[in-house]
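Report on the structure given below.
Just so it is clear, none of the values below were taken in a lab; they were calculated from the coordinates. No experiment lies behind these values; they were computed from the predicted model shown. Quick reminder, even Gly has a Cβ in these numbers, built from the backbone with ideal geometry, and neighbours come from all protein chains shown.
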Amino acid sequence: MDFEKLKFQLESRKNDIRKIKLDLDKSFYDIKSNNDIKQLRINSLKASVDNAKRLLKAGGGTREDVEQAELNLKVAQLEKQQLENEINSKQQSMRLQMNEVELAANIQQNDLEVLQKKLQQADITTSRNGVVTLVNKNIGAAVQPGEVLARIADLSSFNVKGTISDQHLDLLKMV
């Protein structure tokens, strides 16, 4: 039961890793798209500043229009810089989160392998033929490594010594 539970938890961790990777990809794509949009806005605002300066030289604009266009450009550049910082921060955060989940998955993978090895070793087999002479009767009890669970007698090495009355000698047989 513990083996199946660990197996399920490991699959859950692997799904978490895939989910984090998808979230990272989506977040990165969204932020990159926003960054591209900000760059387009900055380009547009630069053109607006140039237009406001040309209008001021031609006498068709005011100094306030130029200052407002420059201010809008600076705000857009700061927003873009903030977004780029957010991109870096988000990437680092997601990488750390992904590393954490991968580490937990690796630990569970090792635990699962250890438990699987124990389960394989729990199968009781014998390397020789014989007759079972003793069985541990504590059913369901926890056993420690090396504890005797059963004894097997090798019948090929047994000698029987005994006495028998002559009147029962005809009943004696050798197998």
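Against the main long axis of the alpha-carbon atoms of the chain, helix 2-58 sits at an angle near 10°.
Separation of the alpha carbons by more than 19 angstrom is noted, of LYS14/LYS90; LYS21/LYS90; LYS5/LYS118; LYS32/LYS80; LYS53/LYS74, for LYS14/LYS90.
Round to the nearest 10 and give me the degree value, 0 to 90, for the angle of helix 63-121's Cα axis relative to the longest principal axis of the chain. That works out to roughly 0 degrees. Neighbours of GLU70, meaning other residues whose beta-carbon lies under 11 angstrom from its beta-carbon, give a summed charge of 0 when Lys and Arg score +1 and Asp and Glu score -1.
With R₀ fixed at 41 Å, the C-beta to C-beta distance from GLU113 to LYS173 puts the FRET efficiency at about 0.15.
Provide the net charge surrounding GLN91, with neighbours chosen by a C-beta distance below 14 Å and charges set as Lys +1, Arg +1, Asp -1, Glu -1.
On the way: positive: LYS21, LYS26, LYS32, LYS90, ARG95; negative: ASP23, ASP25, ASP30, GLU84, GLU86.
Net of charged neighbours comes to 0.
Residues in region 57-89 near a label at SER44, defined as backbone nitrogen under 20 Å from the 7 Å Cα→Cβ point? Only 65-84 pass the distance filter.
Here the spin labels are modelled as points 7 Å beyond Cα on the Cα-Cβ line, and at GLU64 and ASP25 they lie 5.2 nm apart.
Close amide H contacts of ILE152 (hydrogens built in the peptide plane, cut-off under 5 Å, sequence separation of 5 or more or a different chain): THR133. Partners of LYS161 within straight-line reach, counting lysines whose Cα lies under 28 Å from its Cα and excluding those fewer than 8 residues away in the same chain: LYS173.
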